[in-house]
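See structure below.
The values are calculated or read from the model by the stated rules, or taken from the named source; none is laboratory data. As the structure is a computational prediction, the values presented were derived from the model and not from experiment. Neighbour counts run over all protein chains shown; Cβ positions are idealised from the backbone, glycine included. Keep in mind that these areas ignore ligands, DNA and RNA; they rest on the heavy atoms of the full protein, side chains included. Shrake-Rupley method; radii C 1.70, N 1.55, O 1.52, S 1.80 Å.
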Amino acid sequence: MGIPAPRARCFRRSAGFTLLEVLIASMILAFATLGLVQAVSAAQAQTYDALRRARATALADALLEEVLSKPYADPQAETAVGPDTGESGRDDFDNVDDYHGFAEAAGALSDHAGALYPTRFQRFERSVTVQPQTVSVAGLGGDRSGMLVTVTVTEPAESAGGSAGRSWTVTRFVPEAP
Amino acid sequence: MRMVSRYKRRRANGLTLIELMLALAGMSLVGSAVASMLLAVSYGTQADKNLRGLITKQMALRSRLSAAVRESAMVLEQGDGYVFLWGADADDSGTPNLSEITLVEFDSDTRTLNTYRAPATLASDPAYDLALAFTTQTAGVKGSADFPATRWASDVSGFVVTLDHATAQSARMLGYRLTLVAGDEQDEVVGAAALRNLEDE
């Protein structure tokens, strides 16, 4: 007389896990770990992206602020948009439209005093366009002429971690004094 | 038959020392792997939180500093980790009074960025000489009820101000650089603002 059938099954089950069971458990554990790691790294990637965006915006705002600190009209009454005769660099610019075409390459970004920005900011490029424009503002009684200042900060593709380069733009309309 | 059955049941109910050791070794391996993974996730989450805090602080500070500069008419004095701003000559006296000035200063001992401004009502509103050092002239009231400090940021490790003119009182543009720390993370804030509260020229 042998062991009754239910007890034999009980002993067989308590002997351990089958290979299939172990493989399934391992796969579940691996997927759970992968999901957790991906969630954390995705969150970190988004945060670093926000940090880059904050830096780019700070650079754009600083340059726009510099442009807007200049007078609207040229002191020498030059009317052409862009640097005037004898204005070879940023230090020579004396009104808003002189900044048209101004550009800084990555690695050479500096503030209004000429001091280079910290290394973390040197991955970007900056450029300015200034265009005469007339806008219609109903509340101000019709058309107003002025200049549209656009500052663009670009992150080259190679410094964006292999992803396509991106750019951030800030614009401001500067009306001509009536 | 009964003896065999009892023997088999005893084997089935217990583990040998070798089995126990192997099971413990396996469990400790899995446990240490899980623990190190949780530690890494925890570190990553904390770093992420620090970085987010840093970004928020950067934006708030840029906004505050730029607003303070824009609502000013003149940079009275600038030095290592501080800047004195003259809001406006409210009483048309031609000289700055205590109620008209703002001091933004980095305190390296407490690693904080503070601003000093007079309250709406003052016991006395002394006038200061434009030609003398403001650090010396305001030393007596700095931190008192007439010129109290307000903390703008903690965990600051540097504050540098740059001007567009060698003479502070002739400057029209002010740039700033702040170094902020959050846990193991460190980042710089850069910004610039023009003095906008100028008298009509």
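Some observations on this one:
- Normalised contact order of chain A, rounded percent, pairs of Cα under 8 Å and 6 or more residues apart: 16 percent
- Interface residues in region B:170-199 - accessible area drops by 40 Å² or more relative to the isolated chain, probe 1.4 Å: B:M173, B:R177, B:D187, B:E188, B:V190, B:A192, B:R196
- Net charge in the neighbourhood of B:T135 (other residues with Cβ under 15 Å of its Cβ; Lys, Arg +1, Asp, Glu -1) is -4.
- The spacing between region B:148-186 and region A:99-116, judged by their C-alpha centroids, is 20 Å.
- Residues A:L116 and B:L39, FRET efficiency given R0 of 41 Å [Cβ-Cβ distance, rounded to 0.05]: 0.60
- The peptide list B:144-150, A:54-60, put in order of mean Cβ contacts within 10 Å with the highest first, becomes A:54-60, B:144-150.
- Heavy-atom surface of the protein assembly as shown, accessible at 1.4 Å and reported per residue (Å²): 56 Å²
- The mean sequence distance of close C-alpha pairs (under 8 Å, at least 6 residues apart), as a share of the length of region B:19-133, puts its relative contact order at 15 percent.
- Net length gained if the chain between A:L23 and A:T134 were fully extended (0.36 nm per residue, minus Cα distance): 32.8 nm
- If only the Cβ of Lys and Arg carry +1 and only the Cβ of Asp and Glu carry -1, the dipole of the protein assembly as shown around its Cα centre is close to 5400 debye.
- For chain B, the carbon plus sulfur part of the accessible surface works out to 56%, probe radius 1.4 Å.
- Using θ = phi - 60° and Karplus 6.51 cos²θ - 1.76 cosθ + 1.60, couplings along region B:188-196 (whole Hz; Gly, Pro as x): 10, 10, 10, x, 8, 8, 9, 6, 10
- Minimum 50 Å² accessible area buried by the other protein chains, region A:104-141 residues, probe 1.4 Å, relative to alone: A:H112, A:P118, A:R120
- Chains B and A together bury some 2900 Å² of accessible area, summed over both sides, with a 1.4 Å probe.
- Mean separation of Cα contacts under 8 Å (6+ apart) over length of chain B, as relative contact order %: 22 percent
- Portion, in percent, of the accessible area of region A:56-113 that falls on carbon or sulfur, probe 1.4 Å: 50 percent
- Cα-projected label distance for B:T112 with B:S28, points at 7 Å along beta-carbon direction, nm: 4.9 nm
- Drop in accessible area of at least 20 Å² in the complex versus isolated chain, residues of region B:39-54, 1.4 Å probe: B:V41, B:G44, B:D48, B:L51, B:R52
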